[in-house]
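The values are calculated or read from the model by the stated rules, or taken from the named source; none is laboratory data. What you see is a predicted model; the values in this text were computed from it and never measured. Cβ sites come from the backbone with ideal geometry, for glycine too, and all protein chains shown count toward neighbours. Only protein heavy atoms, including side chains, enter the accessible area calculation; ligands, DNA and RNA are left aside. Shrake-Rupley method; radii C 1.70, N 1.55, O 1.52, S 1.80 Å.
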Amino acid sequence: MNIIICENYEEVSARAASMVADVIKKDSACKLGLATGSTPIGMYSILSEMYKNGEIDFSSVSSYNLDEYYPIKKDNDQSYDYFMRENLFSKINIKEENIHIPNGEAKDANKECEDYECTVEKSGGIDIQILGLGVNGHIGFNEPANELISKTHVTDLTVSTIKANSRFFESEDEVPKKAITMGVGTIMKAKSIVLMVSGKNKHEALSAILNGNISTNVPATLLNLHPNVTVICDKEAYYGNDL
Ligand code: F6R
(Lines give C-alpha, C1' and ligand atoms only; values in the text may rest on other atoms or scores of the structure.)
Protein backbone atom coordinates (compact mmCIF):
# COMPACT_ATOMS: atom_id res chain seq x y z
CA MET A 1 0.00 0.00 0.00
CA ASN A 2 1.42 3.39 -0.97
CA ILE A 3 0.57 6.17 1.44
CA ILE A 4 0.64 9.85 0.54
CA ILE A 5 0.16 12.20 3.49
CA CYS A 6 -1.01 15.61 2.36
CA GLU A 7 -1.12 18.94 4.13
CA ASN A 8 -4.87 19.38 3.62
CA TYR A 9 -7.99 18.49 1.62
CA GLU A 10 -6.91 20.65 -1.34
CA GLU A 11 -3.70 18.67 -1.71
CA VAL A 12 -5.58 15.34 -1.40
CA SER A 13 -7.85 16.50 -4.25
CA ALA A 14 -4.94 17.63 -6.42
CA ARG A 15 -2.94 14.42 -5.91
CA ALA A 16 -5.93 12.21 -6.72
CA ALA A 17 -6.85 14.30 -9.78
CA SER A 18 -3.32 14.03 -11.08
CA MET A 19 -3.37 10.21 -10.72
CA VAL A 20 -6.67 10.02 -12.65
CA ALA A 21 -5.36 12.43 -15.31
CA ASP A 22 -2.23 10.30 -15.77
CA VAL A 23 -4.37 7.21 -16.42
CA ILE A 24 -6.46 9.12 -18.99
CA LYS A 25 -3.34 10.50 -20.72
CA LYS A 26 -1.87 7.00 -20.96
CA ASP A 27 -5.05 5.37 -22.29
CA SER A 28 -7.72 7.63 -23.76
CA ALA A 29 -10.25 4.73 -23.58
CA CYS A 30 -9.57 3.96 -19.92
CA LYS A 31 -12.24 2.85 -17.44
CA LEU A 32 -12.68 4.96 -14.32
CA GLY A 33 -14.33 3.67 -11.16
CA LEU A 34 -15.94 6.66 -9.43
CA ALA A 35 -17.25 7.50 -5.98
CA THR A 36 -19.65 10.14 -4.67
CA GLY A 37 -19.77 11.81 -1.23
CA SER A 38 -17.94 14.92 -0.02
CA THR A 39 -14.40 13.61 -0.43
CA PRO A 40 -14.02 13.48 -4.24
CA ILE A 41 -15.78 16.81 -4.95
CA GLY A 42 -12.50 18.79 -5.03
CA MET A 43 -10.92 16.20 -7.31
CA TYR A 44 -13.88 16.37 -9.72
CA SER A 45 -13.58 20.13 -9.81
CA ILE A 46 -9.86 19.90 -10.70
CA LEU A 47 -10.55 17.27 -13.38
CA SER A 48 -13.25 19.54 -14.87
CA GLU A 49 -10.72 22.40 -14.98
CA MET A 50 -8.11 20.18 -16.61
CA TYR A 51 -10.67 19.25 -19.27
CA LYS A 52 -11.54 22.93 -19.80
CA ASN A 53 -7.84 23.76 -20.24
CA GLY A 54 -7.45 21.02 -22.83
CA GLU A 55 -5.18 18.90 -20.64
CA ILE A 56 -7.42 15.82 -20.67
CA ASP A 57 -10.12 14.47 -22.95
CA PHE A 58 -12.98 12.26 -21.76
CA SER A 59 -14.46 11.49 -25.20
CA SER A 60 -13.39 7.82 -25.09
CA VAL A 61 -13.33 7.39 -21.29
CA SER A 62 -15.92 5.16 -19.58
CA SER A 63 -17.03 5.53 -15.97
CA TYR A 64 -18.46 3.05 -13.50
CA ASN A 65 -19.90 4.35 -10.25
CA LEU A 66 -19.64 2.41 -7.05
CA ASP A 67 -23.15 2.74 -5.75
CA GLU A 68 -26.56 4.38 -5.69
CA TYR A 69 -29.29 4.68 -3.09
CA TYR A 70 -32.29 2.39 -3.58
CA PRO A 71 -34.95 3.25 -4.38
CA ILE A 72 -34.33 6.76 -5.60
CA LYS A 73 -35.28 8.76 -8.70
CA LYS A 74 -32.38 9.91 -10.87
CA ASP A 75 -33.69 13.48 -10.74
CA ASN A 76 -33.74 13.52 -6.92
CA ASP A 77 -30.96 15.96 -6.06
CA GLN A 78 -29.63 13.47 -3.48
CA SER A 79 -29.26 10.62 -5.97
CA TYR A 80 -25.74 9.70 -6.92
CA ASP A 81 -26.77 9.96 -10.57
CA TYR A 82 -27.63 13.64 -9.96
CA PHE A 83 -24.44 14.16 -7.94
CA MET A 84 -22.21 12.86 -10.74
CA ARG A 85 -23.89 15.00 -13.40
CA GLU A 86 -23.71 18.06 -11.18
CA ASN A 87 -20.09 17.64 -10.07
CA LEU A 88 -18.45 16.12 -13.13
CA PHE A 89 -20.36 14.80 -16.12
CA SER A 90 -22.04 18.10 -17.08
CA LYS A 91 -18.60 19.77 -17.11
CA ILE A 92 -16.66 17.31 -19.28
CA ASN A 93 -17.11 15.61 -22.66
CA ILE A 94 -17.79 12.06 -21.45
CA LYS A 95 -20.35 10.32 -23.69
CA GLU A 96 -23.70 9.45 -22.14
CA GLU A 97 -23.40 5.83 -23.33
CA ASN A 98 -20.08 5.51 -21.49
CA ILE A 99 -21.54 6.50 -18.10
CA HIS A 100 -22.54 3.61 -15.82
CA ILE A 101 -24.30 4.10 -12.48
CA PRO A 102 -26.46 1.49 -10.71
CA ASN A 103 -30.09 2.32 -11.48
CA GLY A 104 -31.90 3.39 -8.31
CA GLU A 105 -35.17 3.37 -10.27
CA ALA A 106 -34.92 -0.28 -11.35
CA LYS A 107 -38.10 -2.27 -10.65
CA ASP A 108 -36.15 -5.41 -9.85
CA ALA A 109 -33.17 -4.43 -7.71
CA ASN A 110 -31.58 -7.89 -7.72
CA LYS A 111 -31.71 -8.07 -11.51
CA GLU A 112 -30.17 -4.58 -11.66
CA CYS A 113 -27.31 -5.83 -9.46
CA GLU A 114 -26.70 -8.84 -11.72
CA ASP A 115 -26.76 -6.63 -14.82
CA TYR A 116 -24.42 -4.06 -13.23
CA GLU A 117 -21.93 -6.74 -12.20
CA CYS A 118 -21.96 -8.00 -15.84
CA THR A 119 -21.45 -4.47 -17.16
CA VAL A 120 -18.38 -3.98 -14.95
CA GLU A 121 -17.10 -7.43 -15.89
CA LYS A 122 -17.54 -6.73 -19.61
CA SER A 123 -15.60 -3.48 -19.31
CA GLY A 124 -12.46 -5.60 -19.24
CA GLY A 125 -11.43 -4.17 -15.88
CA ILE A 126 -11.52 -0.80 -14.16
CA ASP A 127 -8.13 0.91 -14.57
CA ILE A 128 -8.39 3.19 -11.56
CA GLN A 129 -11.02 2.94 -8.83
CA ILE A 130 -11.56 6.00 -6.64
CA LEU A 131 -12.84 5.25 -3.15
CA GLY A 132 -13.90 7.40 -0.21
CA LEU A 133 -13.85 5.97 3.31
CA GLY A 134 -16.89 5.68 5.57
CA VAL A 135 -16.45 6.80 9.19
CA ASN A 136 -17.27 3.17 10.04
CA GLY A 137 -14.74 1.84 7.52
CA HIS A 138 -17.17 1.08 4.71
CA ILE A 139 -16.13 1.20 1.06
CA GLY A 140 -18.88 1.70 -1.48
CA PHE A 141 -21.80 0.69 0.71
CA ASN A 142 -20.13 -2.47 1.95
CA GLU A 143 -20.98 -1.95 5.58
CA PRO A 144 -19.22 -3.59 8.57
CA ALA A 145 -20.54 -7.14 9.07
CA ASN A 146 -19.42 -10.65 9.92
CA GLU A 147 -19.71 -11.54 6.25
CA LEU A 148 -19.23 -9.35 3.21
CA ILE A 149 -20.78 -9.88 -0.21
CA SER A 150 -18.40 -10.13 -3.11
CA LYS A 151 -20.58 -9.03 -6.04
CA THR A 152 -22.86 -6.06 -6.71
CA HIS A 153 -25.82 -6.34 -4.35
CA VAL A 154 -28.60 -4.55 -2.49
CA THR A 155 -27.64 -3.63 1.03
CA ASP A 156 -29.23 -2.11 4.12
CA LEU A 157 -27.44 1.04 5.22
CA THR A 158 -26.29 1.00 8.83
CA VAL A 159 -27.65 3.48 11.36
CA SER A 160 -24.21 5.16 11.41
CA THR A 161 -24.19 5.64 7.62
CA ILE A 162 -27.77 6.93 7.59
CA LYS A 163 -26.75 9.41 10.29
CA ALA A 164 -23.56 10.44 8.46
CA ASN A 165 -25.43 10.94 5.16
CA SER A 166 -28.39 12.76 6.70
CA ARG A 167 -26.29 15.96 6.44
CA PHE A 168 -27.24 16.04 2.75
CA PHE A 169 -30.98 15.49 3.34
CA GLU A 170 -33.66 17.61 5.02
CA SER A 171 -33.96 15.05 7.80
CA GLU A 172 -32.64 11.63 8.76
CA ASP A 173 -36.02 10.11 7.82
CA GLU A 174 -35.49 11.07 4.20
CA VAL A 175 -32.25 9.12 3.79
CA PRO A 176 -33.03 5.93 1.79
CA LYS A 177 -32.46 2.83 3.92
CA LYS A 178 -30.99 0.72 1.14
CA ALA A 179 -28.45 1.03 -1.62
CA ILE A 180 -27.09 -0.89 -4.59
CA THR A 181 -23.34 -1.23 -4.28
CA MET A 182 -20.45 -2.93 -6.01
CA GLY A 183 -19.32 -5.74 -3.74
CA VAL A 184 -15.87 -5.96 -2.22
CA GLY A 185 -14.92 -8.48 -4.92
CA THR A 186 -16.08 -6.11 -7.68
CA ILE A 187 -13.96 -3.34 -6.15
CA MET A 188 -10.91 -5.57 -5.65
CA LYS A 189 -10.87 -6.49 -9.35
CA ALA A 190 -9.85 -2.93 -10.28
CA LYS A 191 -6.30 -2.73 -11.62
CA SER A 192 -5.47 0.11 -9.26
CA ILE A 193 -7.31 1.71 -6.34
CA VAL A 194 -7.01 5.20 -4.87
CA LEU A 195 -8.49 5.63 -1.39
CA MET A 196 -9.07 9.31 -0.57
CA VAL A 197 -9.34 10.18 3.12
CA SER A 198 -9.82 13.60 4.64
CA GLY A 199 -10.71 14.84 8.13
CA LYS A 200 -10.10 13.67 11.67
CA ASN A 201 -13.43 11.80 11.81
CA LYS A 202 -11.84 9.26 9.44
CA HIS A 203 -8.77 8.73 11.65
CA GLU A 204 -10.00 5.59 13.41
CA ALA A 205 -11.00 3.82 10.17
CA LEU A 206 -7.77 4.92 8.46
CA SER A 207 -5.65 3.64 11.38
CA ALA A 208 -7.40 0.27 11.16
CA ILE A 209 -6.41 0.03 7.48
CA LEU A 210 -2.83 1.14 8.05
CA ASN A 211 -2.17 -1.31 10.89
CA GLY A 212 -2.45 -4.02 8.25
CA ASN A 213 -4.89 -6.40 9.95
CA ILE A 214 -7.95 -7.47 8.00
CA SER A 215 -11.49 -7.60 9.36
CA THR A 216 -14.87 -7.62 7.66
CA ASN A 217 -15.95 -5.34 10.50
CA VAL A 218 -13.85 -2.63 8.87
CA PRO A 219 -14.41 -3.46 5.19
CA ALA A 220 -11.70 -1.07 3.95
CA THR A 221 -9.04 -3.21 5.68
CA LEU A 222 -9.54 -5.72 2.84
CA LEU A 223 -7.68 -3.26 0.63
CA ASN A 224 -4.53 -4.63 2.28
CA LEU A 225 -5.00 -7.66 0.01
CA HIS A 226 -4.90 -5.64 -3.22
CA PRO A 227 -1.56 -5.30 -5.00
CA ASN A 228 -1.96 -1.69 -6.16
CA VAL A 229 -3.60 0.63 -3.62
CA THR A 230 -2.64 4.25 -2.99
CA VAL A 231 -4.03 5.93 0.12
CA ILE A 232 -4.12 9.71 -0.23
CA CYS A 233 -4.96 11.25 3.13
CA ASP A 234 -4.57 14.58 4.84
CA LYS A 235 -2.73 15.14 8.13
CA GLU A 236 -6.00 15.44 10.08
CA ALA A 237 -7.05 11.96 8.97
CA TYR A 238 -3.58 10.53 9.49
CA TYR A 239 -2.84 12.02 12.91
CA GLY A 240 -6.43 12.45 14.13
CA ASN A 241 -5.98 16.05 15.34
CA ASP A 242 -7.09 19.46 14.23
CA LEU A 243 -4.09 21.09 12.61
C1 F6R B 1 -19.87 6.97 -2.16
C2 F6R B 1 -19.41 5.84 -1.37
C3 F6R B 1 -19.14 5.94 0.09
C4 F6R B 1 -18.36 7.20 0.47
C5 F6R B 1 -18.08 7.24 1.97
C6 F6R B 1 -17.37 8.51 2.37
O7 F6R B 1 -20.03 6.61 -3.52
O8 F6R B 1 -19.28 4.78 -1.90
O9 F6R B 1 -18.43 4.81 0.50
O10 F6R B 1 -17.15 7.21 -0.25
O11 F6R B 1 -19.28 7.17 2.66
O12 F6R B 1 -18.22 9.60 2.17
P13 F6R B 1 -17.72 11.11 2.34
O14 F6R B 1 -16.74 11.35 1.23
O15 F6R B 1 -18.98 11.93 2.14
O16 F6R B 1 -17.13 11.22 3.69
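Quick look at the numbers
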read-out	value
Packing rank of 113-121, 61-69, 35-43, where each peptide gets the mean count of other beta carbons within 10 Å, highest leading	61-69, 35-43, 113-121
Alpha carbon Rg of the chain, scaled by the compact-globule rule 2.2 N^0.38 Å	0.94
Burial order of peptide ranges 8-15, 73-80, 164-171 (average beta-carbon count within 10 Å, highest first)	8-15, 73-80, 164-171
Label-point separation, residue 111 to residue 59 (7 Å along Cα→Cβ), nm	3.7 nm
Tail weight of P(r) past 17 Å, computed on alpha-carbon pairs of the stretch 104-218, percent	60 percent
Overall Cα dimensions of the stretch 65-152 - principal axes, largest extent first, Å	41, 30, 29
With every protein chain in place, the chain: carbon and sulfur % of accessible area (1.4 Å)	48 percent
Derived scalar couplings ³J(HN,Hα) [the stretch 53-68; Karplus, 6.51 cos²θ - 1.76 cosθ + 1.60; whole Hz; x for Gly, Pro]	7, x, 7, 9, 10, 9, 5, 10, 7, 10, 10, 9, 7, 5, 6, 7
Cut-off under 5 Å, modelled amide H: who pairs with residue 194 long-range	129, 130, 131, 230
Solvent exposure of the stretch 112-243 as accessible area per residue, Å², 1.4 Å probe	44 Å²
Greater than 24 Å apart at Cα, pairs in 26/235; 111/178; 177/235; 151/202; 107/177; 151/235	26/235; 177/235; 151/202; 151/235
Euclidean distance of C-alpha centroids, the stretch 57-100 and the stretch 168-232, integer Å	20 Å
